[in-house]
Structures are given as structure tokens and as C-alpha cells.
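A short write-up of the structure that comes next.
The values are calculated or read from the model by the stated rules, or taken from the named source; none is laboratory data. Model, not experiment: these values are computed from the prediction. Neighbour counts are summed over all protein chains in view; Cβ atoms, including those assigned to glycine, are modelled from backbone coordinates with ideal geometry. The accessibility values were calculated without ligands, DNA or RNA, using every heavy atom of the protein model including side chains. Shrake-Rupley method; radii C 1.70, N 1.55, O 1.52, S 1.80 Å.
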Amino acid sequence: MFTRRSLLGAAASLGVLTGCGVPAAYVAPGDRAGVDLSARDKRLSWSNWPLYIDTDDEDDTRRPTLEAFEERTGIAVDYVEEINDNDEFFGKISPALMNRQQTGRDLVVVSDWMCARFVRLGWVQEMDRARQPNVSRHLDPQLRSPAFDPGRVFTVPWQSGITGIAYNRRRVGREIRRVADLWADDLKGRVTLLSGLDEAFALLMQGNGVDVTRWTADDFHTVCDQVASRVRRGHIRRFTGNDYIKDLAGGDVLACQAYSGDVIQLQADDPDIRFVVPEEGAELWSESLMIPNLARHKTSAERLIDHYYDPEVAAELAAWVNYVCPVPAARDVLASARDEETAALAEDPLIFPDDTMRARLAVARDITPGERREFSRRWNGIVGL
């Protein structure tokens, strides 16, 4: 399994980029667009994560929803599964963007906390919604205006998800309903948290009753104090990436911080594994599509994005990837499917959250560049990164 929301790695941070004699990285709006060849050059390049698009059941080299776009438009898509880590990918393409050069990519998908970095640096182009009627009509209202990109001018969610709690109901012997339930004495040494700062902090703050849309530095340091204390007492077994999946499935861990999409797949093998959005709330996050500066096929990229916001296409994709679908209208499409298993997905709240669950979901304020160096140092010291 590849992590969708990566660990904080050793790739260059913004502070490193701008603090060692390197020219200012910010690119002004007037310098972002390149010559758009879409009208005469019918192709584009799209970088995405592995295992993040539908494939044919009999031939996994074929991608039905992407092939449908190519057949309808005549645009050939070079689909590259090259993103395994947000920071690693940032390090790969940042030299070109910082130096006002082409990246060779027309479309990329990264986690929204990393999208925030690109948007603040001016490294992505504003999209033309006139070419994207499906996006304008069908984008989930709860995802329409994150703090880093009000109105989703520069980004469009590819898939979404929830960071909550996964646990083995049979082994725990009771329901887990709150973040505080992780700290029960009988779970000592059998709990894991996510190691990435951007992945972990919101749920822990929500457990303290914090509104994560406007959290403060004091809220962050309170969480760090609590986590550090539980590490010292041996309550937290370890910090993980997506390897919590193996720990939970194998029984080494009884409860953990987890992503909704992973748990859907675990439940297919073990129905005792549950996913819970705590009573205090959970983080709703996205990984989003962006068009880098100087992309040579911007119009074609905008058309491809809009293709995936057609509810029929979004439903086909959702049935394969099992993350929270950013196109709520796809639910009715799946509900009308002849196949019973496919139709049942329309009722899965981890793909289409119901109103009760949505009331407990929040899109967290991202960590600003001014906060990141201090916060990363403190968090990584606790985690051991």
C-alpha cells in the first residue's frame, strides 16, 4: 500500500529554498502561463499516485475512465504513477518551477496541505471554470473553499478522505466513540498514531474540542505535550505511515489513527474492523489536481478535470478507489447500478458521508510557512523522525 498523505520527509522545505542565497521563489500571476498548445497538440501529461485510478478487471494496464476521455476528445494522456510522497515530488519539480521553467507535466495530484505550498508560491495556474461546467455544478460544497485556496481557483479535489480512528471491535470488546477512548488503560501499547505532522494534528486537536478551521499555536503545543507524555508512558506503540494497516490486520495494534479509504479495504477481509468519526469530529481532507506553471496543454488539462466531475465518470472511479467521492451526485448513479455490490457503495458513509457524519467533519486550517519550521521540529522530535 502506498501512502496517500505522505510522511514528512527530508525533501527541501520552503525555508531551505529561500534561505540559502536562492532567488525568491514566488512567481507573480503574469509569469505563470505558457504558450497553450492544446488546440493543435492533442496530448497531455498527468502525474498521479499509484493505485489511484480505475483499471480494467482483466487488464490492469487499461484505465476505462481515462480511455473514455481519450476516445471522446482525441487527446492522448500520458498517465504517470510517479508520486509516492508529497515532499519527494515537491523536491523533484520545485527546481523547474522556482526557476520559471517547464516541469514537463500538465496536471499533478498532491495532498491539499502540499497544494497550499504551491499556491502560496504562485507555482500553479488559475483554472478557467468556463471550461469546467461539471466542476462548477458538482463539486462537494464542503470542499469548495479551503483556507489556502478560497473558491478553489487553483485546485480541484481528485479524491477526498477522512482521518479518523480504526479499531478491531471484537478484540477491543467495546465501541470506540471518542478520541479519549484511545487512552484507556487496557489499550496501553496497542495504539498507533500517524507520524506525519500534517496527517496527525487535526484529529488530536478535535479530541480536545478545538475548532480546527481556526486552531492556534497554543492548541498545537497542547497536543504535543499530551502526545509526548503518552509516548513516555508507553501508551503509544509507535508512529506509522500506511503500515498501520498491517499492524491492525495482524492484531499487534487494537486501535489507531487511520484513513477511511484504507479501512474500507480492510473490512472486506475482516468485518470486525471498524472506522469511526469521533463524536468530537474528524478531518476531511483532499488530494487535488493542479496545473503547474508553464504547462503546455492547459486547456486540455482543464477538460480532463471536468471529465472526472461528470457524475457517471465519478461514480465509476469511486467504485474502484473507495475514497470519499468529491462528486455527491455520483451517489445516485451508483445506487441505480444493476450489480448489488456496486449499488451498496452508494450507502457507504465512508464514500458518501451522510448528513450526520458531515456535521462532524471539518477541513482543517493548514500550517502556514511561518509556523512550519517550529512545528515540524517539535513534532518530529516526539515522533523520532
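Highest GNM mean-square fluctuation among 325, 256, 224, for the chain modelled with Cα contacts below 10 Å: 224.
Spin-label pair residue 175-residue 356: with each label point 7 Å from Cα along the Cα-Cβ axis, the two points sit 0.8 nm from one another.
Rounded to the nearest 20 debye, the dipole size of the chain about its Cα centre is 1500 debye, using +1 on the Cβ of Lys and Arg and -1 on the Cβ of Asp and Glu. As a calculated quantity, the FRET efficiency between residue 40 and residue 145 at R0 = 30 Å, using C-beta atoms, amounts to about 0.25. Our coupling estimate for the range 273-284, obtained by passing each phi through the Karplus curve with A = 6.51, B = -1.76, C = 1.60 and θ = phi - 60°, is 7, 10, 10, 10, 8, x, 4, 6, x, 8, 8, 9 Hz, Gly and Pro reported as x.
As a calculated quantity, the FRET efficiency between residue 246 and residue 153 at R0 = 41 Å, using C-beta atoms, amounts to about 0.55.
Over the chain, all Cα pairs binned in 10 Å intervals from 0 give whole-percent P(r) values of 5, 23, 33, 25, 12, 2, 0, listed from short to long. For a straight C-alpha distance cut-off of 27 angstrom, the lysines reachable from residue 42 (same-chain residues fewer than eight places away being disregarded) are 92, 298. Within the listed set 164, 370, 91, the Gaussian network model of the chain (springs between alpha-carbon atoms below 10 Å) gives the highest mean-square fluctuation for 370.
Equivalent-ellipsoid semi-axes for the range 151-220 (Cα gyration tensor, √(5λ), whole Å, largest first): 28, 16, 11. Comparing mean-square fluctuations of 30, 209, 189 from a GNM of the chain with C-alpha springs under 10 Å, the top value falls on 30.
Looking at the chain alone, DSSP beta bridges between its own residues are antiparallel in about 60 percent of cases.
Dipole of the chain computed with +1 at Lys/Arg Cβ and -1 at Asp/Glu Cβ about the Cα centre; of 275, 165, 250, farthest Cα towards the positive end is 165. Semi-axes of the equivalent ellipsoid of the range 231-385 are 31, 25, 14 Å, computed as sqrt(5λ) over the eigenvalues of the C-alpha gyration tensor in descending order. Label reach from residue 267 (point 7 Å along Cα→C-beta): in the range 151-166, amide nitrogens under 20 Å belong to 159-166. A simple spin-label model places pseudo-atoms 7 Å from Cα toward Cβ; at residue 129 and residue 211 they are separated by 2.5 nm. Over the range 151-310, accessible surface divided per residue gives 32 Å², non-protein components excluded, 1.4 Å probe.
For q values of 0.17, 0.19, 0.24 Å⁻¹, compute log₁₀ I(q)/I(0) with the Debye formula on a Cα-only model of the range 106-210, without solvent. For the requested q values the scattering log ratios are -0.90, -1.01, -1.39.
When the alpha carbon coordinates of the range 77-122 are projected onto the principal axes, the ranges are 27, 23, 16 Å, largest first. Counting only protein heavy atoms and a probe of 1.4 Å, the accessible surface of the chain is 47% carbon and sulfur. By the helix-only formula, in which each DSSP H run with n ≥ 4 contributes -39500 (n - 2.57) and the sum is divided by residues, the chain has a 222 nm mean residue ellipticity of -10500 deg cm²/dmol. When only Cα pairs below 8 angstrom with a gap of at least 6 residues are kept, the chain shows a relative contact order of 26 percent.
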